[in-house]
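See structure below.
The values are calculated or read from the model by the stated rules, or taken from the named source; none is laboratory data. These numbers were taken from a predicted model, which means no experiment stands behind them. Here the Cβ positions follow ideal geometry from the backbone for every residue, glycine too, while neighbour counts run over all protein chains shown. In case anyone asks, the SASA skips ligands and DNA or RNA and just uses the protein heavy atoms, side chains included. Shrake-Rupley method; radii C 1.70, N 1.55, O 1.52, S 1.80 Å.
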Amino acid sequence: MNKQNTPFVNQEHNTVKNNLTIAVAGNPNSGKSTLINAIAGSRLQVGNWPGVTVEKKSASFDFQGRKITLVDLPGTYSMSPYTQEEVIARDYLVREKPDVIINVVDATNLERNLYFSLQLLELGIPLVMALNMHDEAAGKGFRIDEEKMASILGCAVIPTVATKGEGIGRLMETAVAFADASEAHRPVVISYGDDIEKAALTIEKSLKDHPDILAGHLPLRWMALKMIEGDARAIENYKTAQYAAVAENATHHLRSAHGEDLEALMADTRYGLAAGLTREALQKPETRKRELTEQIDAVVLNRYAGIPIFLLAMWLMFKLTFDIAGPFTAWLDGVIGGPLSRWAEIFLTAISAPEWITSLVMEGIIAGVGAVLVFLPPIFAMMFFITLLEASGYMARAAFVMDRMMHAIGLHGKSFIPLLLGFGCNVPAVYATRTLENQRDKALTALLIPLMSCGARLPVYVIFTGVFFAAYAGTVLWSLYILGIVLAVLMGLLFKKTLFRGEAPVFIMELPPYRMPTAKNLMIHTWEKGKHYLIKAGTWILAISVFVWFGLNMPWGVESKKDSYLGKTGQIIAPVFAPLGFGTWEAASSLLTGVVAKEIVVSTMSEVYVPEAGEEQQEEAPSFGENVKEIGVSFAGAFVEAGKNVFSTFGIATMSAEEEEGTTGLKTAIAKVFTPLSAYAFMAFVLLYLPCFIVLVAMRDEFGTWKWAGVTIIYQCVLAWVVAFVIYQGGSLIGL
Amino acid sequence: MTLADLKTGESGKIVKIQLSGALKRRLMDMGVVAGTDVIVEKVAPLGDPIEVRIKSYALSLRLGEARQIEVEEIKKS
Ligand SMILES: Nc1nc2c(ncn2[C@@H]2O[C@H](COP(=O)(O)OP(=O)(O)OP(=O)(O)O)[C@@H](O)[C@H]2O)c(=O)[nH]1
Ligand SMILES: [Mg+2]
């Protein structure tokens, strides 16, 4: 432990707590989550754009035999919050009294980060500063005198590189030492100048007997300063006539000396101090060299090339997703439909399972869950590219480039980030709306998110394009994504004129420098995103598959699936879809179960269309060895295929070109009942009708009311029906 | 003159923010305070927003807001 950095250690007061809570706070994108991941071995979400963490998250670990909980807070520029996630951070810091605060500071951007540190120090909680991004600061030739900073601020300052885990040992030791000495902690008061201090002191005196302050809820000095600033949200409870008068009197002199705008005075004062401190502690090289980020941006944000590059990046993302994943999808399909099913059958026969169990496992679980699992490759590929966009820093550029267009539909560039995330999965996209400033932007963005075609809809497209549009599957697949985007623009315009007539939002955003993502990080965060899909397959989809199997086989002994419960229900609603070209009970019941999650449309179909008994051809069962060999050989083949795809084609490779076993049964079945036109109408319908119910729950969660989820349900159902109607009837009219 | 009047590559010193309320507060919290130097780095491909360098980081904002930020041009010597 480094002595000079622990000025508050006082052995007499050393009452050791067994559980420590350490809050990690700082400016957005300063590396808080990365730091916690490095310390606690957690997998909190990380990305190179401001506003990744939008919720308070915590990670616990053992440190020298004690339990330490690190609380990851959303990044914030100030203790006067502007966005909702900043409110979460502020409220936690002010009300929850962590034992210590670790203030993560971006060393390349000292002045603005210190402006927030000063406000943290006002809280009077022991503070340890992690001078993060020390590698980048060194790269710029910055020399920072940590000891000087520590002595001026009265806290410890430890250089760290969160991405490499450098400095975290010392950081934790210091933080724990500070916590143990917290009883003896005398906060250093950094003077804001005589006038402000005098006013603060007067208010402090009269606040002393306030019940909330007495109960130790709020730090006294902090409250006094907030009252001078007139920060409305912070002082809500103190607006009683008595305190208003106190503040009024105390600031009288301030206002006559410095003008009425005390908020600006406080900001100027704090920035003045931060600038002074930066001058004292930071030595910059004489000449600033042109940085890599600026060189990249000169191209990427170029007036003429900016938009084409953006479109190219999007196109590449989708193309690579499908090209790389395609062969692996085909491989998985083969494995599940071939060896895996055979093994299951052998096993079930061996234990002489009753016939209905065999049917439940084979036609229910394996067909249903398998139909969805097959699509893990494109989903993981998509998550990978989204993680790459986030980690590199391009995400913020996309927002910058797209702002003007988003403005046209009543949104701004920042809304673009949740929308883009929506292509992976709509659920985190809904939560990501939290970084938007106001309720209006958030709600409007959330309403449009379901039009972004998420990974779960892909299975439906792939099966149908494979059957009906094999020759130009790529184009058809593209057209569906574009359809969603075009409709989002139209709906945005419509909503802007109706539900959201208020003023257009403001766009203020920090553009982080580009950073090279590490392979390890990409893997971890791709996995963290994609695993939900896997979990969903093992839970919801499994449950629904079983449910569908019962629905199709009850009442017991039903002759034809058409007369089963599910078949009957399907028949009742089928007429609604008749004008759209797919008024069959099979389609209807698949769409019905697909409300839970869109990939269930496919898993239900593969149960519904499973060949009736007797139709199946018997083939010679290959031996175990042959099975394993088949899996291996086809996997190697998939690798080669994927490699070829990436380099050879400029369109999107068809994901299901070769006829494998597995979903073949389903494909022959739908080839009989759909036409290309009705298949396209069906895919459009699946794209548009309702987001899955998890998204609806997320909306309810985010907005605290079912209102926007309700609006989504209604408008999407109507939109889906109308669009599919226009496609089918329009197409029929022109003779398609 | 205002921040919106500066062309790419030109720099200025902030004199005053003509806005009020939470928006002004946010800009101040992000370092847009009187006396600070700004340099216009880039204009987005569609003409709006702009990217400025302030307090050694890159901030993007729209022309609408930039018009409310009074600056004094710093002439290059
Ligand atoms: N070079 C370098 N990069 C870092 C360091 N720490 C974090 N980063 C990168 O900085 C970016 C932001 O990291 P996060 O941990 O998401 O930042 P955060 O403070 O949690 O951000 P918000 O949740 O948005 O407030 C990521 O791209 C990290 O890889 C560091 O010490 N050095
Ligand atoms: Mg974070």
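Evaluated on chain A, the Kirkwood hydrodynamic radius is 28.9 Å, with distances taken between all distinct Cα atoms. Got a number for carbon plus sulfur as a percent of segment A:404-527's accessible area, 1.4 Å probe? C and S atoms contribute 71 percent here. Per-residue accessible area (protein heavy atoms, 1.4 Å probe) orders A:L292, B:L6 as A:L292, B:L6, starting from the largest. Each of the peptides A:150-160, B:56-66, B:16-26 was scored by the mean count of other Cβ atoms within 10 Å over its residues; in descending order, highest first, they stand as A:150-160, B:56-66, B:16-26.
Which of the residue pairs A:K442/A:K707; A:K57/A:K531; A:K319/A:K414; A:K17/A:K205 have a Cα-Cα distance greater than 21 Å in the structure shown? The partial results should precede the final answer.
Values: A:K442/A:K707 13 Å; A:K57/A:K531 19 Å; A:K319/A:K414 25 Å; A:K17/A:K205 32 Å.
From the list (A:K442/A:K707; A:K57/A:K531; A:K319/A:K414; A:K17/A:K205), the Cα-Cα distance tops 21 Å for A:K319/A:K414; A:K17/A:K205.
Calculate the mean, over all residues of peptide A:290-296, of how many other protein chain Cβ atoms lie within 10 angstrom of the residue's Cβ. Please report the intermediate quantities before stating the final value.
On the way: counts 0, 0, 0, 1, 4, 0, 0.
Mean shielding count: 1.
Run the helix sum for chain B: -39,500 (n - 2.57) per DSSP H stretch of 4+ residues, divided by residue count, reported at 222 nm to the nearest 500 deg cm²/dmol. Numbers along the way, then the final one.
Details: 2 runs with 13 residues, N = 77.
After summing the helix terms and dividing by the residues of chain B, the value is -4000 deg cm²/dmol.
The heavy atoms of A:Y472 present about 130 square angstrom of accessible area, all protein chains included, probe 1.4 Å.
Entry note, chain A: relative contact order of 14 percent, from Cα contacts under 8 Å with a spacing of 6+ residues. Of the accessible area of chain B, computed with a 1.4 Å probe over protein heavy atoms only, carbon and sulfur atoms account for 51 percent. On a per residue basis, the protein assembly as shown carries 41 Å² of accessible surface, using protein heavy atoms and a 1.4 Å probe.
Test of understanding: express the Cα radius of gyration of segment A:374-532 as a ratio to 2.2 N^0.38 Å, with N the residue count.
On the way: Rg = 16.6 Å, N = 159, 2.2 N^0.38 = 15.1 Å.
Against the compact-globule rule of thumb, the ratio is 1.10.
Magnitude of the Cβ-charge dipole of chain A, K/R +1 and D/E -1, about the Cα centre, nearest 20 debye?
Values: 60 positive and 71 negative charges, 241 e Å.
Rounded to the nearest 20 debye, it is 1160 debye.
For the residues of B:30-37, the average number of beta carbons from a partner chain within 10 Å of their own beta carbon is 5.
Take the Cα pairs of segment A:539-616, get the Kirkwood Rh, then feed it into Stokes-Einstein at 4 °C and 1.567 mPa s and tell me D in µm²/s.
103 µm²/s
Within straight-line reach of B:K7, meaning a Cα separation under 15 Å, sit the following aspartates and glutamates at least 8 residues removed in sequence or on another chain: B:D37, B:E41, B:D48, B:E51, B:E70, B:E72, B:E73. The interface between chain A and chain B buries about 3300 Å² of solvent-accessible area in total (1.4 Å probe, ligands and nucleic acids excluded).
Within segment A:473-537, report the chymotrypsin sites (Phe, Trp or Tyr not before Pro) that DSSP leaves as loop and that have at most 15 other Cβ atoms within 10 Å.
Details: sites: A:W478, A:Y481, A:F495, A:F500, A:F507, A:Y514, A:W527, A:Y533; in loops: A:F500, A:F507, A:Y514.
Listed in order of number, the matching sites amount to none.
The calculated Kirkwood hydrodynamic radius for chain B is 12.2 Å, given to one decimal from all distinct C-alpha pairs.
Within segment A:297-397, report the trypsin sites (Lys or Arg not before Pro) that DSSP leaves as loop and that have at most 14 other Cβ atoms within 10 Å. Provide the component values of the computation, followed by the final result.
Details: sites: A:R303, A:K319, A:R342, A:R397; in loops: A:R303.
Loop-located and lightly packed - A:R303.
Carbon-plus-sulfur accessible fraction, segment A:539-616 (probe radius 1.4 Å, protein heavy atoms only): 66%.
Taking loop as defined by DSSP and a crowding limit of 13 other beta carbons within 10 Å, which GluC sites (Glu not before Pro) in segment A:456-547 fit? Walk me through the intermediate numbers first.
Values: sites: A:E503, A:E510, A:E528; in loops: A:E503.
Sites meeting the loop and neighbour criteria: A:E503.
The distance from the alpha carbon centre of segment A:328-399 to that of segment A:516-561 is 8 Å, rounded to a whole number. For segment A:270-405, the percent of C-alpha pairs falling in each 5 Å distance bin, counted from 0 to the bin holding the largest distance, reads 2, 8, 11, 11, 9, 9, 9, 8, 7, 6, 5, 5, 4, 3, 2, 2, 0.
Taking the Cα centre of segment A:19-185 as reference, the dipole from Cβ charges on Lys and Arg (+1) and Asp and Glu (-1) amounts to some 240 debye. Proximity of backbone amide H atoms, modeled 1.01 Å from N, is registered between B:I54 and B:L59 at under 5 Å, excluding neighbours fewer than 5 places apart on the same chain.
A probe of 1.4 angstrom, applied to the heavy atoms of all protein chains, finds A:F693 with accessible area near 60 square angstrom. Long hydrophobic helices in chain A, taken as whole DSSP H segments with a C-alpha length of 20 Å or more on their own axis and mean Kyte-Doolittle hydropathy at least -1.0: A:262-281, A:306-335, A:376-392, A:394-408, A:473-497, A:519-536, A:624-648, A:707-733.
Summarising the amide proton neighbourhood of A:V157: residues at separation of 5 or more, or on other chains, whose placed amide H is nearer than 5 Å comprise A:M129. Compactness ratio for segment A:19-185: Cα radius of gyration over 2.2 N^0.38 Å (N = residue count) comes to 0.93.
Using a 10 Å cut-off on Cβ to Cβ distances, tally the other chain neighbours for every residue of B:65-75 and report the average as a whole number.
Working: counts 3, 0, 0, 0, 0, 0, 0, 0, 0, 0, 0.
Per residue, the average neighbour count from other chains is 0.
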